[in-house]
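Here's the structure we're looking at; comments come further down.
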Amino acid sequence: MTSPDTSCEGPTTPQLRSSLETFPPYVPGKAPKRIEGLTPFKLSSNENSLEPLPAVIDAMIAHAKNPAFYPDDAALALRTELADRLGVSIDQLVVTTGASELLVALTQITSDATTEAIYPWPSFEMYPQITGLAGSKRIAVPVREDGRHDLDAMAAAITDRTRLIILCSPNNPTGPALRDDEVRQFLSQVPGDVLVALDEAYWEFATAEGAVRGVDLVADHPNVVLVRTFSKAHALAGLRVGYAIARETVISGLLKSVIPFGVTDMSQAAALESLRHSDEVDVRAKEIAAVRDDFAHALRDQGWDVPDAQGNFVWLPLGDLSSAFEDACVDQAVAVRNLGDGVRISIGEREGLDRVLAVAAAFRTEHFG
Ligand SMILES: *Cc1c(COP(=O)(O)O)cnc(C)c1O
């Protein structure tokens, strides 16, 4: 008999999956720097600048009494309300801890080392992370110069190993929304066994004529799944509630991947109450959209090339000058998001946006004469 080997020879670090080497971790938007005499503004995470509606806060308080119990795993009340409002069946819905968990689950149910995933770039930073983690080959298709998806190039990138395609409308960070007609034309070129996720995190802010409305697509296309969230227009980012709309077969798959009891009772109650006030949420989203349009207009008046902005953010394609622009904003106590190819500015209070406009004007003089 040999005695148990208690010595530690050989490699001293646990071996992790090699796919971890292929993508960077998610980097959240920074907090603003404190500067004496200047109100700080965080315009770096596309959060809603308005608080949730008062009735939503009341619902949270009412559901804050006993956290000893697990929440309703099925989120039945919330799914029922969503189903009624969206004209789908409750079996076509799954509620998740933010759209983020849903995106992870979508790659879990479609992707591994033998498959390929296609998404636009620049787009949401989680796409390379989740598809990379699954080990799948990543095809990041550059957006066009105007910030729109290059759907022809995305269709041309499909192979018999493609299992997941992600579309983002309005696209974070570049801004434009996809049009209904171009998405339908694209879907007609996608084989039926390829899952197409339409990420609609910002759909409530889109005001462009003909912008795609995912709910209209799900009925006609069994391979489409919508990714939605209460984080942005509903101003509930801190509560982590998202949901998918898809055919039952896709939802059944997702249910095997999501974390049980992920969405707390308080979060479910808040999302439900906010949904019941969808009209007010929509009015507020359109107010933010109006501020966005003014802000984008003011930037264009300064001479900036700003792509059509349809979310609650505006994109400045600054390339190599992105860090310099970010630093200039930091010096004015405003946090913006530097994504390497450009800088994304979330629509927040006017005072913060005015300060960015002043930075942008000085920046043009300094760098472009
Ligand atoms: C913010 C965002 C999400 C996810 O938000 P959650 O807070 O996890 O619901 C998903 N997609 C895009 C494009 C986003 O910008």
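The values are calculated or read from the model by the stated rules, or taken from the named source; none is laboratory data. Note that the structure is predicted; figures quoted are calculated from it, not measured. For neighbour counting, all protein chains shown are included, and Cβ atoms are generated from backbone atoms with ideal geometry for every residue, glycine included.
Scanning region 242-265 for residues that are over 16 Å from Thr80 (Cα atoms), assigned to a helix (DSSP H, G or I) and away from the ligand (no atom under 16 Å from the Cβ) yields Thr249, Val250, Ser252, Gly253, Leu255. For region 179-211, name all the residues that are among the polar types (S, T, N, Q) and farther than 15 Å from Val224 by Cβ. Result: Thr207, single match. Within 20 Å of Leu43 (Cα to Cα), modelled with pLDDT of 95 or more, more than 16 Å from the ligand (Cβ to nearest atom) and in the same structural domain as Val356 (by TED's automatic domain parsing), is that true of Phe313? So Phe313 fails the test.
A count restricted to region 304-325 and to residues that are within 23 Å of the chain's Cα centre (by Cα), over 14 Å from Ala361 (Cα atoms) and not in a loop (DSSP other than H, G, I, E, B) stands at 6. Filtered by the rule that a residue be within 16 Å of the ligand (Cβ to nearest atom) and not in a loop (DSSP other than H, G, I, E, B), region 207-223 gives Ala211, Gly214. Looking only at residues in region 310-342 that are closer than 19 Å to Arg148 by Cβ, in contact with a strand residue (DSSP E or B) (Cβ under 7 Å, 6 or more places away or on another chain) and aliphatic (A, V, I, L, M), the one that is surrounded by the most Cβ atoms within 10 Å (Cβ to Cβ) is Val314. Beta carbons closer than 9 Å, at least 6 apart along the sequence or on distinct chains, pair a first residue in region 194-206 that is within 17 Å of Asp216 (Cβ to Cβ) with a second that is among the aromatic types (Phe, Trp, Tyr) and more than 13 Å from the ligand (Cβ to nearest atom) for Val196/Phe186. Does region 80-94 contain at least one residue that is within 12 Å of the ligand (Cβ to nearest atom), under 21 Å from the mean Cα position of the chain (by Cα) and not basic (Lys, Arg)? Within region 80-94, none of the residues are within 12 Å of the ligand (Cβ to nearest atom), under 21 Å from the mean Cα position of the chain (by Cα) and not basic (Lys, Arg). Look at (1) part of a loop (DSSP other than H, G, I, E, B); (2) over 20 Å from the mean Cα position of the chain (by Cα) and you find that Ala290 fails only one, number (1).
Answer with yes or no whether Val190 is within 13 Å of the ligand (Cβ to nearest atom), in a loop (DSSP other than H, G, I, E, B) and in contact with a helix residue (DSSP H, G or I) (Cβ under 9 Å, 6 or more places away or on another chain). In short, no. When restricted to residues that are among the β-branched types (Val, Ile, Thr) and within 17 Å of Leu339 (Cα to Cα), region 143-180 contains 2. Restricting attention to region 23-51, the residues that are under 17 Å from the mean Cα position of the chain (by Cα) and among the hydrophobic types (A, V, I, L, M, F, W, C) total 2.
Considering only residues that are over 21 Å from Arg179 (Cβ atoms) and within 16 Å of the ligand (Cβ to nearest atom), which ones fall in region 128-163? Quick ask: steps written out before the conclusion?
Within region 128-163, the first condition is being over 21 Å from Arg179 (Cβ atoms), and the residues that meet it are 128-140, 159-163.
If the condition is that a residue be over 21 Å from Arg179 (Cβ atoms) and within 16 Å of the ligand (Cβ to nearest atom), then Pro128, Gln129, Ile130, Thr131, Leu133, Ala140 are the ones that fit.
For region 187-202, the condition holds for no residue, the condition being that it is touching an Asp or Glu at 6+ places or on another chain (Cβ under 7 Å), modelled with pLDDT of 95 or more and acidic (Asp, Glu).
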